[in-house]
Amino acid sequence: MFVRLVVLLLTAFALAGCAVQRTVDSQVQSWSTLARLPQPPTYRLDLLPSQHQSRAFDLIVPMAHAALQRAGLQRDDTAPRLIAEIGVRTGTGLADGPWYPYGPWGGGFGWSRHSGVRAGWMLRELPPTLYRNEVSVVLRDATTQKTVYETSASNEDVWTDAPRIFGVLFDAALTGFPMPPAGARQIRLPLAPAGAGAH
């Protein structure tokens, strides 16, 4: 009876998790010299040689294009008004202390010799691993080569969703374009389900 109850609880938790869409909290900071959307609002994406030769960028480039177009820009590789440059970076590290983010305790299930499955709590000896993902976008005037827009977005979480999280970060970085609020800000956006294509 107890085992059946545990199985039912685990099933309910799994179904609830599938029904809840994850969100991504991004730290964003932008700088702009633009007073309005450039006319025509066209751009060309220029990649560095290392980005051209990276297979990972084959997945990231469509996400950047989609975010730039959602921000109101139109791709024009022949006669663009703006030149766009992008960057991505990812890494891992430990949280700053054992209490991040939910305290030093974690729930778990284990086997008991006397009662079969048992549910309980265990003390975590080490802080969880954090996954940090960052993107940057720089826009330059195609005629003068002057930088007119610079923005970045970063996220730290105990879950890793690369590479699809980069699509959300590009959207966050371009929030408010072409006249974003001054200073650092936090942007929360939904994470597209796996298999939904480029965000």
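The values are calculated or read from the model by the stated rules, or taken from the named source; none is laboratory data. Since this is a predicted model, take the numbers as computed values, not measurements. Methodologically, a virtual Cβ is constructed for each residue, glycine included, from the backbone with ideal geometry; neighbour enumeration extends over all protein chains shown.
Values for this structure:
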read-out	value
Close pairs (7 angstrom Cβ cut-off, 6 or more residues apart or separate chains): within 21 Å of residue 74 (Cβ to Cβ) in segment 166-191, in a helix (DSSP H, G or I) and of a type in the set (Gly, Ala, Ser) anywhere	167/66; 167/67; 170/64; 170/67; 171/67; 174/67
Residue list for segment 72-86, restricted to those being within 13 Å of residue 37 (Cα to Cα) and surrounded by fewer than 21 Cβ atoms within 10 Å (Cβ to Cβ)	72, 74, 81
Residues located in segment 24-56, provided they are touching a Pro at 6+ places or on another chain (Cβ under 8 Å) and modelled with pLDDT under 90	56
Test for residue 59: is it at pLDDT 95 or above, closer than 30 Å to residue 185 by Cβ and assigned to a helix (DSSP H, G or I)	no
Residue list for segment 45-56, filter: in a helix (DSSP H, G or I) and surrounded by fewer than 15 Cβ atoms within 10 Å (Cβ to Cβ)	49, 50, 52
Test set (1) closer than 25 Å to residue 80 by Cβ; (2) in a strand (DSSP E or B); (3) aliphatic (A, V, I, L, M); (4) out of contact with any Gly (no Cβ under 8 Å at 6 or more places or on another chain) - residue 172 fails condition number	(2)
Options 127, 190; residue that is closer than 17 Å to residue 21 by Cα and modelled with pLDDT under 95	190
